[in-house]
Amino acid sequence: MPKLLDNFWLKVTAVILGLLVWMHVATEKEYSYDMRLPVTDVALGDSLTLASPPPETLTVSVSAIGKELLRKKWRDRGLRINASQFSPGRHQVALTANNVSLVGPTGELQLEDVVAPTQVNLNIDILSDVTLPVTGNFVAEADEGYAVAGAPTITPDSAILFGPRSVVRRFHDIATEAKQLKGLRGDVTLRLALDNPPMHGLSVAPESVTVEIHVVPVKTRVFEAVPVRVFNAPLNDRLVLSPARVRIEITGPPADIDRLDVSTVTASVNYRTRAGSGKAALKIDCPPAFRIKSISTDSILITIPSETNADSRN
């Protein structure tokens with residue numbers, strides 16, 4: 001045991017130096033490996049783009065000295081497929097070392113061959129753009145006693161959609177991201193991202209818009225004696241409604257409610273929903289910027305005189 005520990009640190013140093021020499025020799029040797037690498041670029045002609053995604057990865061044979069193969073950065077940069085000679089249309093492209101290459105500086109790295117897949121289908125289209133209106137995909141609800149005055153303002157109110165010509169022409173508008181705003185008591189200004197369509201090769205500019213929502217205290221207006229309409233009534237029967245007119249209180253933005261015309265407020269019942277008691281639920285319709293605060297009744301009694309007379313005779 002004492003002989004084993006003699007010159008211990010000298011022996012440890014010798015072992016470490018031996019390992020370093022071995023690692024240097026091992027990493028300086030040239031190796032060839034099959035690796036699965038991401039496809040990060042497809043080179044196309046001017047004003048062309050892909051209408052469908054290329055393969056996510058390819059398995060290729062790569063050769064280099066050991067230390068280069070150990071580095072991660074070049075692997076993350078991935079592969080480029082050169083399809084610049086193809087015109088718009090669908091093409092079946094054979095993949096070889098002649099049209100597939102490593103992206104970025106490669107040093108002593110060399111792509112020797114494409115292992116799999118050896119051919120891919122590329123759908124090449126003309127790069128196009130279209131200007132589309134922006135629509136708000138958000139809900140803005142004011143708190144009790146307040147109302148959203150008018151339609152929210154979206155700035156800018158249009159956006160440009162870039163992508164394959166065959167794809168962009170399918171769209172009619174660009175929506176904002178979904179957002180729900182409740183309990184508003186004052187004006188709101190917020191930035192909302194535009195919802196980039198989840199299809200390959202599409203992009204939107206600008207990436208976001210400004211939305212302004214005007215919130216004001218509500219004003220109440222009373223509509224007396226609004227006539228009740230009956231839908232789906234029998235053609236040959238005369239109906240008696242009780243009550244035939246109702247009182248409705250509506251709240252909304254002051255400027256808007258002052259201009260609200262009674263003709264845009266509808267009180268109605270559906271004869272087909274008439275219960276055995278003769279009553280049907282009352283429905284009130286008014287423009288969406290307003291709320292129904294109260295109504296004088298929630299149901300209407302529908303009487304058919306011919307039925308009443310027949311009952312009395314019996």
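Here is how the numbers come out for the structure above:
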{"quantity": "Complete set of residues in region 36-58 that are over 23 Å from the mean Cα position of the chain (by Cα) and either in contact (Cβ under 8 Å) with a residue 60 or more places away in the chain or buried (at least 20 other Cβ atoms within 10 Å of the Cβ) (or both)", "calculated": "Leu37, Thr40, Asp41, Val42, Leu44, Ser47, Leu48, Pro55, Leu58"}
{"quantity": "Residue in region 239-286 that is farthest from Ile304 (Cα to Cα), counting only those that are assigned to a loop (DSSP other than H, G, I, E, B) and of a type in the set (A, V, I, L, M, F, W, C)", "calculated": "Leu260"}
{"quantity": "Subset of region 155-180 (residues that are part of a loop (DSSP other than H, G, I, E, B) and either in contact with a helix residue (DSSP H, G or I) (Cβ under 6 Å, 6 or more places away or on another chain) or farther than 30 Å from Glu141 by Cβ (or both))", "calculated": "Arg169, Arg170"}
{"quantity": "Candidates Ser294, Ser277, Ser268, filtered to the one that is over 22 Å from Gly145 (Cβ atoms), surrounded by fewer than 15 Cβ atoms within 10 Å (Cβ to Cβ) and not assigned by TED's automatic domain parsing to the domain that holds Leu184", "calculated": "Ser277"}
{"quantity": "Any chance Val226 is hydrophobic (A, V, I, L, M, F, W, C), surrounded by 15 or more Cβ atoms within 10 Å (Cβ to Cβ) and in contact with a Leu (Cβ under 6 Å, 6 or more places away or on another chain)", "calculated": "no"}
{"quantity": "Search result, residues across region 241-265 that are surrounded by 14 or more Cβ atoms within 10 Å (Cβ to Cβ) and either acidic (Asp, Glu) or in the same structural domain as Pro152 (by TED's automatic domain parsing) (or both)", "calculated": "Glu249, Asp256"}
{"quantity": "Failed criterion for His214 (all others in (1) touching a Ser or Thr at 6+ places or on another chain (Cβ under 9 Å); (2) exposed (fewer than 14 other Cβ atoms within 10 Å of the Cβ) hold)", "calculated": "(2)"}
{"quantity": "Some residue of region 137-151 being surrounded by fewer than 16 Cβ atoms within 10 Å (Cβ to Cβ) and in a strand (DSSP E or B)", "calculated": "yes"}
{"quantity": "Residue in region 73-115 that is modelled with the lowest pLDDT, counting only those that are under 30 Å from Arg165 (Cα atoms) and charged (D, E, K, R)", "calculated": "Arg77"}
{"quantity": "Residue match in region 182-204 (condition: assigned to a helix (DSSP H, G or I) and closer than 18 Å to Leu127 by Cα)", "calculated": "no"}
{"quantity": "Answer residue from region 98-136, given it is farther than 30 Å from Met35 by Cα and among the charged types (D, E, K, R) and is surrounded by the fewest Cβ atoms within 10 Å (Cβ to Cβ) among those", "calculated": "Asp129"}
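The values are calculated or read from the model by the stated rules, or taken from the named source; none is laboratory data. Everything quoted here is computed from the prediction, not taken from an experiment. Note that each Cβ is placed from the backbone with ideal geometry, even for glycine, and that neighbours are counted across all protein chains shown.
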